[in-house]
1. Can you report the number of residues in the range A:190-215 which are more than 7 Å from chain B (Cβ to nearest Cβ) and touching a strand residue (DSSP E or B) at 6+ places or on another chain (Cβ under 8 Å)?
2. Regarding residue B:118, is this residue in contact (Cβ under 8 Å) with a residue 12 or more places away in the chain, touching a helix residue (DSSP H, G or I) at 6+ places or on another chain (Cβ under 7 Å) and in the same structural domain as residue B:19 (by the TED database)?
3. Check off (1) assigned to a strand (DSSP E or B); (2) at pLDDT below 95 for residue B:56 and give me the number that stays unchecked.
4. Being at pLDDT 95 or above and either within 16 Å of residue A:185 (Cα to Cα) or part of a helix (DSSP H, G or I) (or both), is that true of even one residue in the range B:67-74?
5. Only one of these conditions is not met by residue B:42: (1) within 11 Å of another protein chain (Cβ to nearest Cβ); (2) at pLDDT 90 or above. Which number is it?
6. Out of curiosity, is residue A:12 at the interface with another protein chain (Cβ under 8 Å from one of its Cβ atoms), touching a helix residue (DSSP H, G or I) at 6+ places or on another chain (Cβ under 9 Å) and modelled with pLDDT of 90 or more?
């Protein structure tokens, strides 16, 4: 039912891609309840996204619903998890083992979604040789060597703002292909580098502002 | 220069609001370098956002640049930090002290951005009475009582998917006004409740997908 060759050729629009994990979360919940089928109308009602949009999003991932009953839940979960990359393990390095970097190393939940943090790097000498949640921390100077050993594609950026751009350039020079940027700094990268910004502090600002408005 | 009365009446569009922390990060960097003035053109070049858009975003926050020299950096940093809510402390509870919840309790960086996590709640009996990063963890049954003592407005949601909606309802019933949802589940809330979704696993999926496309 699922043609894995197509995975690398489908260029799903980012908004669609970002909605897929919401659908997955909901149908996994139905799965634990022993449900067998789900329709896009049913997902729509729960998630608050238009059902035609859901059907279109799901049309990108080579699974088709049956008339009247909808999508077979077990297949949809399996296909979505594989499509989203949650079933295969992707190695990552963390750059900057400060408060947020160390917190992300603690979050073993990431591995359930296909991300395995294999090492952290930091410039602070006192961190070198330590372990956080069994993950080793190395001096930044050992990055190139560790990269040769481990061939990691993903770099998680949690350095201070003033080091964000220089760390990014070092990561790319060392062979990192995708950067997950947790800093509030807008790093610049060449076109062939994948970038994903998760500005949790920006989300915080939005929340504070909205909270002020309802008072 | 800054009229704090206006803070509660300005309804800044969310995309503008989300860009402000990027500007702040960059001008703070200039500040540490001893720069005195910055123009929207200069910010534009660094951040990759159109300069007219930047000028418009900044027009919402009661600060005006001077012809030729631009914005005075120290004032702009101060005004932005206050506008974004980073200078006053907002108390928050964490609901669900699993891997991600505990990691967020470890992230003392949040307090630098105005968020003070004052307690965590969990249903697991073995967590009750413990401390993470000096923050106490209580049984969920004590939420109403602790809420009466502490009057917290922000709830951080890090429970498992199947508990997301019920925990949300319990939070709102107990007086929580804003929910920072870290679960991939789309929770439903009444209109007067502020909600901010930070689906870090969805960002991960986008990154994996893009990485597959460049291979």
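1. Within the range A:190-215, the subset more than 7 Å from chain B (Cβ to nearest Cβ) is A:190-191, A:193, A:195, A:197.
If we keep only those that are touching a strand residue (DSSP E or B) at 6+ places or on another chain (Cβ under 8 Å) too, we end up with A:193, A:195, A:197.
Residues flagged as more than 7 Å from chain B (Cβ to nearest Cβ) and touching a strand residue (DSSP E or B) at 6+ places or on another chain (Cβ under 8 Å) within the range A:190-215 amount to 3.
2. Numbers: in contact (Cβ under 8 Å) with a residue 12 or more places away in the chain: yes; touching a helix residue (DSSP H, G or I) at 6+ places or on another chain (Cβ under 7 Å): yes; in the same structural domain as residue B:19 (by the TED database): no.
For residue B:118, the condition - in contact (Cβ under 8 Å) with a residue 12 or more places away in the chain, touching a helix residue (DSSP H, G or I) at 6+ places or on another chain (Cβ under 7 Å) and in the same structural domain as residue B:19 (by the TED database) - is not met.
3. (1)
4. The answer is yes; a qualifying residue exists.
5. Residue B:42 satisfies every listed condition except (1).
6. Details: at the interface with another protein chain (Cβ under 8 Å from one of its Cβ atoms): yes; touching a helix residue (DSSP H, G or I) at 6+ places or on another chain (Cβ under 9 Å): yes; modelled with pLDDT of 90 or more: no.
Here the answer is no, as residue A:12 does not meet what is asked.
Residues checked against (1) away from chain A (no Cβ under 11 Å); (2) touching a strand residue (DSSP E or B) at 6+ places or on another chain (Cβ under 6 Å):
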residue	(1), (2)
B:68	yes, no
B:71	yes, yes
B:78	yes, no
B:85	no, no
B:92	no, yes
B:99	no, no
B:108	no, no
B:111	no, no
B:114	no, yes
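The values are calculated or read from the model by the stated rules, or taken from the named source; none is laboratory data. Small disclaimer: the values here were computed from a predicted structure and weren't measured. As a convention, Cβ positions derive from the backbone with ideal geometry for all residues, glycine included, and neighbour counts pool all protein chains shown.
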